[in-house]
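Novice: Structure incoming, see below.
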Amino acid sequence: QVVNYAPFTLLPSAVPGALFEQAYAVQQDFNLLVDAISQNKEFLERTLASTIKVDDFTARLFRIHVQVLEEGLAQSVFLGINRSDYMFDCGVDGTPALKQIEINTIAASFGGLTSRTAAVHGRVLKVLGKSEEASRLLPNNPSEELALGIAKAWELYGSQSAVVMFLVEEAQRNIFDQRCVENELWNRNIRVIRKRFRDVFEKGSLDDAKRLYMDGQEVAVVYYREGYVPKNYDQQNWEARLLLERSRAVKCPDIATQLAGTKKVQQELSQPGTLERLLPGHAEAVARIRATFAGLYSLDLGEEGDKIAATAIADPDRFVLKPQREGGGNNLYGEELRQVLEKIRDSPERTSYILMDKIKPQPAMNYLLRAHSPLRVSECISELGIFGVYVRQGKEMVMNKAAGHLLRTKAIEHADGGVAAGVAVLDTPYLV
Ligand code: ADP
Ligand code: MG
């Protein structure tokens, strides 16, 4: 086994202060929205209807969602940990605007490692004789904030002896990110176990009250750091997922909240009237949320879908074509977008994708430091993520917070891909 340092920029990157504040200010609204969607069976059913006909992965998740609702939810405490990602779109007059790329409602990562990056960049600036600039880097500790959410859910679950279970991948490349959060829980005397779906399949069980047990230990909270891509599942893993979803344990996220994070839902949210219906009586929150939306378009069969498909084929550089996948490296751009869309334009398969306006940030120069990679200056763009944490007990929100930030930077030649995909690196915002 090999341990490498996590990749990072040599220098912090400039981020417009006003947009940074805007991103923080809208996070509680996004928490409310995701939570509202997760409780709205009709909305999920209607929005995902065309998608689940052609996308087997979303369909399987959806079936579990329906099944647990039909059986009656045993879970009464809900914990959401999400990360809303943005880029700074450069308008025609050069003014940057905050535009959401997506919101991640499952396994949103790098809250742990990014709790350390400000210190790294602070040191670099000091070495360069820039102590004044170093002192302006903002404190940022998502590790602790995420752990406080997990701890709250654990407490409300109400069993002192129950544990928190991190559900992790078979081969774990990002373990230290998770350990940062785990350590914060141990510091609060909450026991943490790390298990895979396979362990749950072999050793997990429910008692009569649907309490979840692993190896005889009661589990209060299941924190998924896996389970968001098809390759995470074989038949046994699907059975394990169903067992977890049926249980009384607090799932972070429950399967409805995972579905709330699909690209199809994101696209539907941009339709006129949708936000208002999901968040009645929250006009200001709706306005703050809508201000962050880029153009999003449905490829459902019909006139509207035909029209936007034709527009994208004629001018592919204006758009990004997105399937219902997470984890980076799945989107299509430029010539590839044109070819794929031409192939599927008259087939139902096109409804498994959405189209999005391509966001065009202003590049800046930086060094991307990666183990075993040569050092050279690159033209880079950054993506800002804001973590959100909320806890709901029954109908009552008992915690709703913005929980720190993540800045990831990549060379402009890569259209797609995050840190885990080996494209982006960890960064620290320097507000300007
Ligand atoms: P995933 O779920 O795979 O992370 P994203 O929607 O976050 O999917 O897209 C992956 C990456 O593609 C983003 O991190 C960003 O770099 C790029 N990207 C996505 N949408 C856009 C867009 N509308 N404009 C420009 N780049 C985008
Ligand atoms: Mg993403």
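Derivation of every value follows stated rules applied to the coordinates shown; laboratory data play no part. What you are looking at is a predicted structure, and each value in this text was computed from that prediction instead of being measured. Cβ coordinates were reconstructed from backbone atoms using ideal geometry, including for glycine residues, and neighbour counts include every protein chain displayed.
Novice: Using a/c under 1.5 as the rounded threshold, could you call the stretch 252-373 rounded, prolate or oblate? The axes a ≥ b ≥ c are square roots of the C-alpha gyration tensor eigenvalues, and prolate needs a/b larger than b/c, oblate otherwise.
Specialist: Cα axes put the stretch 252-373 in the oblate bin.
Novice: Would you mind ranking Arg188, Arg408 so that the residue whose beta carbon has the fewest other beta carbons within 10 Å leads the list?
Specialist: The fewest-first ordering by Cβ neighbours comes to Arg188, Arg408.
Novice: Would you work out the relative contact order for the stretch 21-163, in percent, from Cα pairs under 8 angstrom that are 6 or more residues apart? Before the final figure, lay out each step's value.
Specialist: Numbers: 98 pairs, mean separation 25.1, N = 143.
Contact order relative to length: 18 percent.
Novice: Ranked highest first by the average count of other Cβ atoms within 10 Å around their residues, in what order do 237-243, 300-306, 268-274 fall?
Specialist: Packing proxy ranking, top to bottom: 237-243, 268-274, 300-306.
Novice: Between the stretch 375-390 and the stretch 90-121, what's the alpha-carbon centroid distance in Å?
Specialist: Cα centres, the stretch 375-390 to the stretch 90-121: 5 Å.
Novice: Distance from the Cα centre of the stretch 128-178 to that of the stretch 39-53, in angstrom?
Specialist: Taking the Cα centre of each part, the stretch 128-178 and the stretch 39-53 sit 32 Å apart.
Novice: Also: Over all directions, the average projected area of the alpha-carbon convex hull for the chain comes to how many nm²? Spell out each step's value before the answer.
Specialist: Values: hull surface 85.7 nm².
The directionally averaged projection comes out at 21.4 nm².
Novice: Could you tell me which GluC sites (Glu not before Pro) in the stretch 129-180 are loop residues by DSSP with no more than 12 other beta carbons within 10 angstrom of their beta carbon?
Specialist: Glu170
Novice: Show which lysines lie in cross-link reach of Lys360 when reach means a straight Cα distance below 28 angstrom and same-chain residues fewer than eight apart are skipped.
Specialist: Lys99, Lys263, Lys264, Lys307, Lys322, Lys343, Lys410
Novice: Pull up the DSSP beta bridges for the chain and report the antiparallel fraction as a percent, rounded to 5. Write down the numbers at each step before the final one.
Specialist: On the way: 55 of 71 bridges.
The antiparallel proportion sits near 75 percent.
Novice: What is the stretch 1-99 by shape, rounded, prolate or oblate, if you read a ≥ b ≥ c off the alpha carbon gyration tensor as root eigenvalues and call it rounded for a/c under 1.5, prolate for a/b larger than b/c, and oblate otherwise?
Specialist: Numbers: a/c = 2.12, a/b = 1.70, b/c = 1.25.
Prolate, since a/c reaches 1.5 and a/b exceeds b/c.
Novice: Quick one: Karplus J couplings for the stretch 354-370, per residue in order, coefficients 6.51, -1.76, 1.60, θ = phi - 60°, nearest Hz, x for Gly and Pro?
Specialist: Going residue by residue, I get 10, 10, 9, 4, 7, 8, 10, x, 7, x, 9, 8, 7, 9, 9, 9, 9 Hz, with x marking Gly and Pro.
Novice: Does anything in the stretch 67-98 have its amide N under 19 Å from the 7 Å Cα→Cβ label point of Glu396, and if so which residues?
Specialist: 75-80
Novice: A further question follows. Quick one: Karplus J couplings for the stretch 74-91, per residue in order, coefficients 6.51, -1.76, 1.60, θ = phi - 60°, nearest Hz, x for Gly and Pro?
Specialist: 8, 7, 10, 10, 10, 10, x, 10, 10, 9, 9, 9, 9, 10, 9, 6, 9, x
Novice: Further question: Percent relative contact order of the chain, based on C-alpha pairs within less than 8 angstrom and at least six residues apart?
Specialist: 28
Novice: Here is a further query. Using label points projected 7 Å from each Cα along Cα→Cβ, tell me how many nm separate Arg60 and Ala291, to one decimal.
Specialist: About 4.2 nm, to one decimal.
Novice: Springs between alpha-carbon pairs under 10 angstrom, Gaussian network model over the chain: which of Gly394, Gly418, Gly328 fluctuates most?
Specialist: Gly394
Novice: Moving to a separate point now. Please report the Cα spread of the stretch 176-232 along all three principal axes, rounded to whole Å, starting with the longest.
Specialist: 33, 32, 15
Novice: Within 10 Å of each residue's Cβ, count the other Cβ atoms and sort Thr257, Thr311 from fewest upward.
Specialist: Thr311, Thr257
Novice: Ok, one more. Can you bin the stretch 318-409 into rounded, prolate or oblate? Criterion: square roots of the alpha carbon gyration tensor eigenvalues sorted a ≥ b ≥ c, rounded for a/c under 1.5, prolate for a/b above b/c, oblate for the rest.
Specialist: In terms of gyration-tensor shape, oblate.
Novice: In the stretch 77-137, which trypsin sites (Lys or Arg not before Pro) fall in coil by DSSP and have 15 or fewer other Cβ atoms within 10 Å?
Specialist: Lys130, Arg136
Novice: Next question, about the same structure. Quick one: go through the stretch 325-347 and flag any residue whose amide nitrogen is under 18 Å from the point 7 Å out along the Cα-to-Cβ line of Arg376.
Specialist: Hits in the stretch 325-347 for Arg376 at 18 Å: none.
Novice: Considering only Gln267, Leu368, Pro16, whose Cα is most displaced toward the positive end of the charge dipole of the chain, charges sitting on Cβ of Lys, Arg (+1) and Asp, Glu (-1)?
Specialist: Leu368
Novice: Please give the contour-minus-distance gain from Asn183 to Leu69: 0.36 nm per residue of separation, less the Cα-Cα distance, rounded to one decimal in nm.
Specialist: 37.6 nm
Novice: Rg/Rh for the stretch 30-162 to two decimals, with Rh computed the Kirkwood way over all alpha-carbon pairs.
Specialist: Using Cα coordinates only, the ratio equals 1.09.
Novice: Using alpha-carbon positions, what is the distance between the centroids of the stretch 7-30 and the stretch 202-224, in Å?
Specialist: Rounded to whole Å, the Cα centres lie 38 Å apart.
Novice: Sticking with this structure for a sec: Most mobile of Asn187, Asn104, Asn82 per a Gaussian network model of the chain (Cα springs, under 10 Å)?
Specialist: Fluctuation is largest for Asn187.
Novice: What FRET efficiency comes out for the pair Leu10/Lys360, r = Cβ-Cβ distance, R0 = 25 Å, nearest 0.05?
Specialist: Taking R0 as 25 Å, the efficiency between Leu10 and Lys360 is 0.55.
Novice: Still on this structure, I have one more. Taking the beta-carbon count within 10 Å as an exposure proxy, list Arg246, Arg290 from fewest neighbours to most.
Specialist: Arg290, Arg246
Novice: Still on this structure: Let me have the 222 nm mean residue ellipticity of the chain computed from DSSP H runs of 4+ only, each contributing -39500 (n - 2.57), with the sum over all residues rounded to the nearest 500.
Specialist: The per-residue figure over the chain is -11000 deg cm²/dmol.
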